[in-house]
1. Answer yes or no as to whether Met173 is aliphatic (A, V, I, L, M), more than 22 Å from Asn98 (Cβ to Cβ) and in contact (Cβ under 8 Å) with a residue 60 or more places away in the chain.
2. List pairs: first in the stretch 91-116 and closer than 26 Å to Ile340 by Cβ, second open to solvent by 50 Å² or more (accessible area, probe 1.4 Å) and within 15 Å of the ligand (Cβ to nearest atom), Cβ under 7 Å, 6+ apart or cross-chain?
3. Among Thr135, Thr83, Thr142, which is the only one that is under 18 Å from the mean Cα position of the chain (by Cα) and either more than 15 Å from the ligand (Cβ to nearest atom) or in a helix (DSSP H, G or I) (or both)?
4. Restricting the search to the stretch 277-297, which residues are open to solvent by less than 30 Å² (accessible area, probe 1.4 Å) and either of a type outside the set (A, V, I, L, M) or under 20 Å from the mean Cα position of the chain (by Cα) (or both)?
5. Do you know which of the residues in the stretch 311-338 that are closer than 21 Å to Gln372 by Cβ and not in a helix (DSSP H, G or I) is nearest to the chain's Cα centre (by Cα)?
6. Among the residues of the stretch 156-178, write down those that are open to solvent by 30 Å² or more (accessible area, probe 1.4 Å) and of a type in the set (A, V, I, L, M).
7. Does the stretch 356-372 hold any residues that are crowded, with 23+ Cβ neighbours inside 10 Å and of a type in the set (A, V, I, L, M, F, W, C), and which are they?
8. Among the residues of the stretch 419-435, are any farther than 24 Å from Arg32 by Cα, open to solvent by 30 Å² or more (accessible area, probe 1.4 Å) and part of a loop (DSSP other than H, G, I, E, B)?
Amino acid sequence: MICKQICRLMFFLLFTTGWLLGQSPTTAAPHRVVVRAGHLLDVKTGNILTGQSIVIEGDKIVSVSPGGAPPAEAEVIDLSKTTVLPGLIDLHTHVLLNGDITAEDYDKQLLKDSIPYRAILGARNARIALENGFTTIRDLETEGAMYADVDVKKAIANGEVPGPRMQVVTRAMAPTGMYPLLGYSWELKLPTGVQYVDGVEGARKAVREQVMYGADWIKYYSDRAYYFGSDGVLHSMVNFTDDEAKAIVEEAHRLNRKVAAHAIGSDGIAAALRAGVDSIEHGDGLTDALMDEMEKKGTVWVPTVMVGAYVAPGRGGNWVKMVETEKIAFQKALKRHVKIAFGTDAGGSDWRELNEAREFQYYADYGMPPMQAIQTATIHAAEVLGWADRAGTIEPGKWADIVAVSGDPIKDIKELQHVKFVMKAGVVYKNETAAR
Ligand SMILES: [Zn+2]
């Protein structure tokens, strides 16, 4: 025992003497990478810079400057024939879901696939998102897969599987009987797509429980059953009482978590705004008065046009008209100061079929200038996540999250559906630029 202590002391002395003499075991120079960008989208100013060198150390960007010789011993990544932009951010995904056009599509995933199996597909979907250029996602509930999003996030963060950096919602909330699975015999005990939550105290407890198990955000379903009224406005049935919704938001904010509300009809959006949520998801039925309210409160709108348009033909009913209604709302919002941030609802679509970057094309088709569309998925999305100081731009001090495309996405926004290069936190996950 004493010998052991003496040995330890001797080792300590040798070690510290070495350190004092400048022989620290950590003297190796940090690994430096220089990305040479032919064109660089500066999403902060909206300018396109040419011939830039981005110097990266570890997981961070240390400098961005025009041309010049790369520092000695740096690894050079030549993207001089491409357009480089910050890693993209999707604020509304479901990595635990694989297509949700019909109730049957949804129900069979919850009834026939185990949560471990769904988590394996979730990891695959996360990899697809990353390879599509999305280096960060906010995953907006597991659809019955409990807290498996926390596990996918953990496996990615630990470097076990490739995927975007994640903020997760876990289970989401709706009152009893107001979210699938529904319509089965009362004799069966079935899983539910969300956590059923009732009453003010129940709401507070559910928030605490979800935060305890790893929720970065709280999400609740503000409405359901969408219909067009004689006033031409898209209405809906509101799920929670005002007291319940306010309790969810208050408790989440008290625990330093933001709140996203699924709100499609005008009644659901109005209720979510009364409760004080941070983001409105979908928002098809936004009216002028509701946009006024959002501007006043600074509430963010995440439109998720892509999946709305994808599921509409298969769902029929009001869904097709809802896409058209959302387009009109989007065009009105563009003329105002409503904060729009990028979200797709990927997972409502099959991850293997539809690239999330398709959402950009809708924004552009609806009249948003391409640079502004890219800003919704970079600088503005980072702000929504509370990561404005870490992500969303290519600047010193930020995470080295960088993507590149062959053409000019400002001239043709569809370029973003063909990302050739992906780096997340200084690690290259995809490089198809050499094949050009
Ligand atoms: Zn969704």
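1. yes
2. Hits for this filter: Ile101/Arg315.
3. Working: Thr83 fails: under 18 Å from the mean Cα position of the chain (by Cα); Thr142 fails: either more than 15 Å from the ligand (Cβ to nearest atom) or in a helix (DSSP H, G or I) (or both).
That would be Thr135, the only listed residue that is under 18 Å from the mean Cα position of the chain (by Cα) and either more than 15 Å from the ligand (Cβ to nearest atom) or in a helix (DSSP H, G or I) (or both).
4. First, pick out the residues of the stretch 277-297 that are open to solvent by less than 30 Å² (accessible area, probe 1.4 Å): 277, 279-286, 290-291, 294.
If the condition is that a residue be open to solvent by less than 30 Å² (accessible area, probe 1.4 Å) and either of a type outside the set (A, V, I, L, M) or under 20 Å from the mean Cα position of the chain (by Cα) (or both), then Val277, Ser279, Ile280, Glu281, His282, Gly283, Asp284, Gly285 are the ones that fit.
5. Val338
6. Residues of the stretch 156-178 open to solvent by 30 Å² or more (accessible area, probe 1.4 Å): 157-162, 165, 171, 176-178.
Ala157, Val161, Met178 - these are the residues of the stretch 156-178 that are open to solvent by 30 Å² or more (accessible area, probe 1.4 Å) and of a type in the set (A, V, I, L, M).
7. Quick first cut of the stretch 356-372, residues crowded, with 23+ Cβ neighbours inside 10 Å only: 356-357, 359-360, 363.
Ala357, Phe360 - these are the residues of the stretch 356-372 that are crowded, with 23+ Cβ neighbours inside 10 Å and of a type in the set (A, V, I, L, M, F, W, C).
8. yes
The values are calculated or read from the model by the stated rules, or taken from the named source; none is laboratory data. Quick caveat: nothing in here was measured; it's all calculated off a predicted structure. A quick note on method: Cβ atoms are made from the backbone with ideal geometry, for glycine too, and the neighbour counts reach across all protein chains shown. Please note that ligands, DNA and RNA were not included when accessible areas were found on the heavy atoms of the full protein model with its side chains. Shrake-Rupley method; radii C 1.70, N 1.55, O 1.52, S 1.80 Å.
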